[in-house]
1. Run down C:ILE232, C:ILE208 and say which single residue is open to solvent by 30 Å² or more (accessible area, probe 1.4 Å) and farther than 23 Å from C:ILE124 by Cα.
2. Collect the residues in the range C:9-40 that are within 14 Å of another protein chain (Cβ to nearest Cβ) and closer than 24 Å to C:HIS207 by Cα, keeping them in residue-number order.
3. Which numbered condition in (1) more than 15 Å from the chain's Cα centre (by Cα); (2) charged (D, E, K, R); (3) assigned to a strand (DSSP E or B) is the only one that C:LYS103 fails?
4. Out of everything in the range C:41-50 that is assigned to a loop (DSSP other than H, G, I, E, B) and surrounded by 23 or more Cβ atoms within 10 Å (Cβ to Cβ), what residue ends up being farthest from the other protein chains (Cβ to nearest Cβ)?
5. Pick from the range B:160-187 the residues that are charged (D, E, K, R) and open to solvent by 30 Å² or more (accessible area, probe 1.4 Å): which of them is farthest from the other protein chains (Cβ to nearest Cβ)?
6. All but one of (1) loosely packed, with under 15 Cβ neighbours inside 10 Å; (2) modelled with pLDDT of 95 or more hold for C:ASP240; which doesn't?
7. Among B:GLY116, B:GLY111, which is the only one that is surrounded by fewer than 15 Cβ atoms within 10 Å (Cβ to Cβ) and modelled with pLDDT of 85 or more?
8. Just one of C:GLU100, C:GLU65, C:GLU108, C:GLU53 is of a type in the set (Asp, Glu), open to solvent by 10 Å² or more (accessible area, probe 1.4 Å), more than 14 Å from every other protein chain (Cβ to nearest Cβ) and farther than 27 Å from C:THR167 by Cα; which is it?
Amino acid sequence: MGLFSNFFRSSESSSDVAKRRLKVAITSDRAVCSPELMEQMKNDIIQVISKYVDIDTEGLDIKVTKTELDETSGTVNALLANIPIKEGSRNFRK
Amino acid sequence: MKESVVIKGTKSGIILVLDDKLPYEQLKEAVADKFHSSDEFLGNVSKAISFQGRELTDEQQEEIISIIHENCHLNIVCITIDDPEKEADFSRAIENKYAVQDANTGQFFKGTLRSGQVLDVETSIIVIGDVKVGAKVVSKGNVIILGTLEGTVYAGSTGNTNAFVIALDMNPMQIKIADVIARAPDKPARLKKRHKPETKIAFLEDENIYIEPLDKDVMNDIKL
Amino acid sequence: MGEVIVVTSGKGGVGKTTTTANLGTGLAMEGKKVVLIDTDIGLRNLDVVMGLENRIVYNLVDVIENNCRIKQALIKDKRHQNLFLLPSAQTKDKTAVSPEQMKKLADELRNEYDYIIMDCPAGIEQGFQNAIAGADRALVVTTPEVSAVRDADRIIGLLEANEITKTHLIVNRLRSDMVKEGNMMSSDDVVDILGIDLIGIVPDDEHIITSTNNGEPLVGSDCLAGQAYMNICKRVMGEDVPYLNLDVKEGFFQKLSAIFKK
C-alpha cells in the first residue's frame, strides 16, 4: 500500500508544488520590464558612463536575468550590463 | 394696400393669413395665384397648415387645401388649430401622421436575435426567428415575432399608443409600448420552467400593458 | 463622503460578480446606502446575479452619454430600499466609456451614497482601467489555484502602479478538506505569495449556485458562505471580525466513516 501511494504521490503535496511553481512564476512576472522602460534606462546609463569614458554604444547590452548569489539564498534577479569601452580610449576622463 | 393672401412659414408648417373682407370666390383665386407664384420658393415638402384672419368652414378649408395642391408642389398633410403653441402642434401632427404611415408598413427580419443585439426599425417589423434574453427589438410601429420572445421589445417607440406586440411564444423580459413599460414578474427560476408556449398579444390600454392570448375578440380590437 | 471600492481579479470566473452582489447586499443590510456598478460593458451579468435583469431600461453608457439622468438608470433592489444597481450596456463595447468619465460618475455618486462598488471585468485592458479609475480601495478576489493567484499578482501590481494602495485580498472557493489533505493551497499560502492583507475567506459552498440561480445574494444567511460574506462586509466597514472556522459540517457518511476509522 505504501509503495503504491508513493508511486502516485511524491513526498511533496500538490499544494506545495503549486506554491513553489507560483513563487517562481510570479518572481519572473514581477521582474518584467517594459521595452520602453528598458530603452530609457539604457540611454540613461550611456549618458552617465559617457561622462567618464568613451563607450561603444552599439555594442552595449543590458538585460535582467536570474542569478544565484550563493548556495543558500536561491535565485535573485540581477541587472546585467555589458558595456564595451571604445578602442583607443585609454584613460578615464578627469 | 393690404394683401388678401399672406403665407407665413414656420419650421414644420405654414400659416395662411387670409383677408376676411374679400368675397370667398375671389379669395380662392387669390390663393391659387399666390401659391402658383410661390411654388418654387415653397418647394416639394410636407407641411402642416393653419388658417388665420378669417373663419373658414371645414368644406372651405378642404377646398383651399386642394387649391394649394393644384397650384404648387407643397404637400399639406394636416390642418392644425391656430393657437399659441402652433409650432409644437405642427411638428407633433406631422410626426404622428408619419408614425401612423410607418406603423402600417412593415419589413421582415429573418434570424435569431441574441443577447446584445438590437434591431431598431422605423416601420413595423416581423421577426422570423427568436428574440433571446438580452436582445432587443425597437420599432416605431408594431412588432410581430414568429418565434419565442424572451428579450425586450419597444413598440410604438415614438409614442404610438396603438402599437402592439405579438409573439408565438410570449415570455418577454420587458415590453414597452409608447411610454409604458411592463416587465416580467419576479419569480424564482425553478417556476419559470413551467411556462407553456402560447401565441399572445401585448397592447396598451389605460396606461397599462396587457398581455392576452391572441383570440378573435382581441384581434378585432387591433387598431392600425 | 462615500467610498469607491473596485472588486477585481484579473482572471475570469473566480467570483467577482458574486462577491460584488453579496458585498453590496450585505452593506445595505447593515444600513448603508450602496450603488453597485457593472463596468463589464458588452457582457453584463451583475443584473442577473442580483435578479434585476427584467427592470433594466437605461444603463451605464446611457448615463455617460447623457441619454438619461443617473437617477433614471439606477435600479432599486427587490429587497433592500437603500441598494441600487447601475447595469452595464449589453450592446456597446468597453471603448464607449473612458476612465475620466468613470471617475466623474463615481465622484458624483460619492456625495449621496456610502459605498459605490465597481464590478470589474476580467482582464487588464480598458475595462479594468475604467473600473479602477475612481476607486479609493480595491478588493482582489482569487481562488487558491495557480492561474488565479498569478493573475491576482499582476492585478495587484497594476493597482499599485495606478496608486491604489488600499488593497485587500479575498480568497474565494476554499475547500478546507482539500487544504487539510495538502491538495489545495491554504489562504495563508496565498497571502504569503501575494503579500497583501486578507479581508475574507469564502468557502466553496453549493448554496452560492442556488442563490445565483434565484437571483438572490445569500449574504447574511446561515450557510458558511453567507456568514463569510457578512464578515467581509463588516471588515470593509472597519470592524474587527474573527475568521470563521471553515471546516465543513461533516455529512452523515463522513461521520460514519470517521467512527469506523476510530
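The values are calculated or read from the model by the stated rules, or taken from the named source; none is laboratory data. In this text, all values refer to a predicted model and were calculated from it rather than measured experimentally. Positions of Cβ are backbone-derived with ideal geometry, glycine not excepted, and every protein chain shown enters the neighbour counts. For accessibility, only protein heavy atoms count, side chains too; no ligands or nucleic acids. Shrake-Rupley method; radii C 1.70, N 1.55, O 1.52, S 1.80 Å.
1. One residue alone meets the criteria, C:ILE208.
2. C:LYS11, C:ASP38
3. (3)
4. C:ILE41
5. B:ASP179
6. (2)
7. The conditions single out B:GLY111.
8. C:GLU65
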